[in-house]
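Comments concern the structure below.
Every read-out reported here was derived from the displayed coordinates using simple, explicitly stated rules and does not represent laboratory data. These numbers come from a predicted model, not from an experiment. Note: ideal-geometry Cβ built from the backbone for every residue, glycine included; neighbour counts use all protein chains shown.
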Amino acid sequence: MDEITDGLYVGSSMAETDKDKLTDSMAETDKDKLTECKITHILTVASHYPPSYPSAFTYKTISIDDLPNENIIQYFPECNQFISDALSAGGRVLVHCMAGQSRSAAVVAAYLMQKDRLTAEQALHLVKERRPQIHPNDGFREQLELYCDLNYDVTVDKPLYRLFLIGHSAEHFKEYGSVQPVAAGADPGMQQQGLPTQRLVRCKKCRRALVTETNILDHQAGVGQVAFSYNKRSANGVDTPHAFPQNRACSSLFVEPMEWMEGVKEGLVENKIVCPKCLAKLGAYSWAGAQCSCGKWITPSFQIHRNRVDEVRQR
Ligand SMILES: [Zn+2]
Ligand SMILES: [Zn+2]
């Protein structure tokens, strides 16, 4: 195990394992080593890994596999809290996974990022200086970058995080054929205060507000496929100014799943999209995707026909 910053260590499973289970070559990183480094807290970032010394250390376990499509970013806030609580109480923390290369390194990088407002690259560089073998998988690296773009605030209020979750759910659907619960966009028709200054899409028939610009997912007209995933281009949420003009050629708007859409919360694979007020038919959605009039395949597709709505600029 290696000390990354004062009192914060990254290690493999061997760093935490009971000495009796170890071969001679591994024995240097047993409980004596933990005691020698005055470790008080252990953060395990691995699945099926029960604590070896539950009475000797304060443990926290995050059950996650080292796979690029695992959502590790959702755990950053609680991991950061555990680490900072331990350190500020004068404790010393070991963060470990199996190899001490991907999961634990990602978690410690996220902690450094939030603490010192670092980019993913800066934080990984710091970890690597002390532990050269670290190598978070590509999905975790992307999520560290997303973490920076989210300003270290992982909440479903952020359009960018919802975009990541939609991509995540689409991957899950492709692989398992079932729909995960999804964080739907807030209903602009239910907002008490005036809507923010941005473009708004209303039902043509009853003028009810349906989506705002932040809910619209841009795509370039043409052939090919679009799978929605986290994308730096749309960082900071409202930064999709091209959504309207670029999609003039397309007969539909593609939006994120919205709270008011029937079947979204229930996990239906596909359904009609109707106006929540007048029940006018607006479009349809499908987690398997659909083709836009411009030829592009969009996955998943939450499609509102433009001739059923008015696009207005809110003052
Ligand atoms: Zn299109
Ligand atoms: Zn309506």
Task: Exceeding the 29 Å Cα-Cα cut-off - candidates Lys38/Lys158; Lys60/Lys115; Lys204/Lys265; Lys174/Lys205 - done: Lys38/Lys158; Lys174/Lys205
Task: Cβ-based exposure ranking for Trp287, Trp297, in which fewest neighbours within 10 Å come first - done: Trp297, Trp287
Open item on the list: For the pair His125/Thr155, report the inter-label distance in nm, with labels modelled 7 Å from Cα in the Cβ direction.
Closed with: 3.1
Task: Evaluated at q = 0.13, 0.18, 0.24 Å⁻¹: base-10 log I(q)/I(0), Debye formula over Cα of the stretch 25-140 - done: -0.48, -0.97, -1.62
Task: Least to most buried among Val107, Val154 (fewest other Cβ within 10 Å first) - done: Val154, Val107
Open item on the list: As an exercise, use a Förster radius of 45 Å and the Cβ-Cβ distance of Tyr59 and Asp116 to find the FRET efficiency, rounded to the nearest 0.05.
Closed with: 0.95
